[in-house]
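S.K.: Structure provided below as structure tokens; questions to follow.
The values are calculated or read from the model by the stated rules, or taken from the named source; none is laboratory data. All values derive from a computational prediction rather than experimental measurement. Glycine also receives a Cβ, built like all others from the backbone with ideal geometry; neighbour counts cover every protein chain displayed. Remember, those area values only see protein heavy atoms, side chains included, never the ligands or the DNA or RNA. Shrake-Rupley method; radii C 1.70, N 1.55, O 1.52, S 1.80 Å.
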Amino acid sequence: MPKAGTARSIYLGLREQIAGGVYLPGDRLPSTRTLAEEFGVSRTTVTAAFEQLISEGYVSVRQGAKATVARNAPNPIAPPTQRPGGSVKTLSAYAMRAMDLLPHLPGTADLKYDFRYGDVAPDDFPKLLWRKALTAAVIARRARLGYGHPAGSPVLRQALQGYLWRARGIRCQAEQIVVTNGSQQALDLCARALLNPGDRVLIEEPCYAMARNVFVTLGAQATPVACDDDGLKTDRLPDPLSHALAFVTPSHQFPLGGVLSVGRRRQLVEWAEAADAHVIEDDYDGEYRYDVRPIPPLYLSGRDRVIYIGTVSKTLSPTLRLGYLVLPEALVEPFVRCKQITDRHGATFEQEALASLIETGAYERHVRKMRRLNSVRRTAFLDAMQQTFSDKVEIVGTSAGLHVVVWFNSIGRREESGLAATAREAGIGIYPISRLFSCDTERRAGFVFGYASIEARKIADGVKLLYSVLTL
Ligand SMILES: Cc1ncc(COP(=O)(O)O)c(C=O)c1O
């Protein structure tokens, strides 16, 4: 059971009551104020629970009105609080902390215009190329069909070494590369290998929630440091001696989009040296830069301190779960051992298929094509926003990546879930930024808009419809 009084426990409680018919479709739910008093928690905690219920389609909130149970509320999966033959008391501290977090659910297909960030368009995937490469890997003659090396397939590590040098200017040995099950496993390995419960980790504010979740589930304490247009504000770095690790997105701060300036890079690496700590560089969308020159990775500023993470989730597809780490030499062996204990190694055929795409140049051609396609989507989105919302919004983080942040100038953050629910009823998915913040300060309502999974020709219609349904 999640701890009483957490957003997660309130979310589960309400969800169970909706599923059990205590509240019927169309029924009004108690106000956030009433629930906050009932549970003895802040309204922010209750709001976080509501936001989750809204984003999963259980609850709808029209702008300015009370929350009601949605007409088509889904049937929930039974809350995972019981194990057959065991009580919840048997859960580890790790599992209990995981249960306290708000879940991060994949999207559903029921929206006409979904600006969900993280998905890519199915038609963009190079199906034929991938099928050919995968088939070649499957039918290749090999001496044995057994377990592989935990660091990954040697051909992929070799191919990635060349790719990283050509595309990102990173010179490393293939032995420093560990192939992972997406960036997510790379983050998990960093936490397992470098953190103990109670350790402190510097994170960005706002931050990639899936990274923060890895650290706090392991029992570490996150120290959020504010970001601006130049990324992490290094004049606010905390006491280095109390920190074991830092997590940053220097090429395109997630979600605000700032690029960490040269001076700040130097300060961050110096801080890590003073702390005798490592910095994780999550280079999740380094392939997508539009009007500006590519930004060299932080890795180049401190090879012994920086752990570089890359992924193909944005260039090919998140379904492949293929990512990689570039490690300082001293960390290779411990990481390889942790990786082997976790899952032995990643899927071999898929790794070999990716290696062959990289070796033949097909991967880089595909990346160039994706950059063109997404540049068209980005222009369509920005033009449509300019024509409709105009100065009612401020859009940041536009020069790179596959998402932007849209701030609604005259609306407060507490309106975010109402706006998202109104949009959802009209078949449009928009996603509040608040869950990416660790601190609950007053600010404008903001949304992370992803545009990589929508057909370019539909984007303007989606934006126009959004404008017509939101009362701004
Ligand atoms: C900041 C950030 N890092 C990494 C990823 C990719 O994660 P993965 O490689 O686990 O699919 C994403 C995907 O949305 C992201 O936003």
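S.K.: How charged is the neighbourhood of Glu455? Take every other residue with its Cβ under 12 Å from the Cβ of Glu455, and add Lys/Arg as +1 and Asp/Glu as -1.
M.R.: Local net charge: 0.
S.K.: What does the net charge come to around Leu465 if you take all other residues with beta carbon closer than 11 Å to its beta carbon, with K and R at +1 and D and E at -1?
M.R.: +2
S.K.: Quick one: net charge of Leu357's neighbours, Cβ under 12 Å, K/R +1, D/E -1?
M.R.: -1
S.K.: Could I ask something else about it? Any chance you could list the semi-axes, whole Å, largest first, of the equivalent ellipsoid that the Cα gyration tensor gives for the range 212-275, using √(5λ)?
M.R.: Calculated on Cα positions only, the semi-axes equal 19, 16, 9 Å.
S.K.: Quick check on packing: order 408-421, 130-143 by the mean number of other C-beta atoms within 10 Å, highest mean leading.
M.R.: Averaged packing, sorted descending, gives the order 408-421, 130-143.
S.K.: Can you give the convex hull volume per residue for the Cα atoms of the range 126-362, as a whole number of Å³?
M.R.: Per residue, the Cα convex hull of the range 126-362 comes to 118 Å³.
S.K.: Past the 26 Å Cα-Cα mark, which pairs from Lys314/Lys339; Lys233/Lys464; Lys127/Lys314?
M.R.: Beyond 26 Å: Lys233/Lys464.
S.K.: Could you tell me the extents of the range 155-248's C-alpha atoms along the three principal axes, largest first, rounded to whole Å?
M.R.: 40, 31, 24
S.K.: Here is a follow-up. May I ask you to rank Asp230, Asp123, Asp285 by accessible area, largest first, using a 1.4 Å probe over the protein chains only?
M.R.: Most to least solvent-accessible, the answer reads Asp123, Asp230, Asp285.
S.K.: Given N residues in the range 7-69, what is its alpha carbon radius of gyration divided by 2.2 N^0.38 Å?
M.R.: For the range 7-69, the normalised Cα radius of gyration is 1.00.
S.K.: With every protein chain in place, what's the accessible area of Met210 (1.4 Å probe, Å², nearest 10)?
M.R.: 50 Å²
S.K.: Now for a different question. Nearest 10 degrees, 0 to 90: what angle lies between the long axis of helix 43-55 and the longest principal axis of the chain (Cα atoms)?
M.R.: Long axis of 43-55 versus the principal axis of the chain: about 70 degrees.
S.K.: When only the heavy atoms of the protein chains count and the probe is 1.4 Å, how do Asp228, Asp188, Asp110 rank by accessible area, highest first?
M.R.: If we order Asp228, Asp188, Asp110 from most to least accessible, we get Asp110, Asp228, Asp188.
S.K.: What accessible area per residue, rounded to a whole number of Å², is obtained for the chain using a probe radius of 1.4 Å?
M.R.: 45 Å²
S.K.: Further question on the same structure: Kindly express, to the nearest 10 degrees and within the range 0 to 90, the angle between helix 456-469's C-alpha long axis and the longest C-alpha principal axis of the chain.
M.R.: 20 degrees
S.K.: Next up: Quick one: pull the percent of accessible area on the range 7-69 belonging to carbon and sulfur, 1.4 Å probe, ligands and nucleic acids left out.
M.R.: After summing per-atom areas, the C and S share lands at 47 percent.
S.K.: Sticking with this one: Sorted by accessible area with a 1.4 angstrom probe, largest first, how do Ser251, Ser468 fall?
M.R.: Ser468, Ser251
S.K.: With every protein chain present, what accessible area does Asp119 have (1.4 Å probe, heavy atoms only), rounded to the nearest 10 Å²?
M.R.: 70 Å²
S.K.: Sort the range 392-472 into rounded, prolate or oblate with this rule: let a ≥ b ≥ c be the square roots of the eigenvalues of the Cα gyration tensor; rounded if a/c is under 1.5, and if a/c is not under 1.5, prolate when a/b is larger than b/c, oblate otherwise.
M.R.: oblate
S.K.: Give me, ordered by chain and number, the residues 5 or more places off Tyr23 or on other chains with an amide H under 5 Å from its own placed amide H.
M.R.: Ile18
S.K.: While we're on this one: Could you look at the range 193-258 and say what percent of its accessible area is carbon and sulfur, using a 1.4 Å probe and all protein chains?
M.R.: Roughly 45 percent, rounded to a whole number.
S.K.: What fraction, in whole percent, of alpha-carbon pairs in the chain exceed 38 Å separation?
M.R.: Every Cα pair in the chain considered, those over 38 Å come to 26 percent.
S.K.: Next question. So how tilted is helix 348-359 from the main axis of the chain? Cα-based, degrees 0 to 90, rounded to 10.
M.R.: Helix 348-359 and the main axis of the chain meet at about 70 degrees.
S.K.: Tell me the accessible surface of Arg378 in square angstrom (1.4 angstrom probe, heavy atoms of protein chains only), to the nearest ten.
M.R.: 20 Å²
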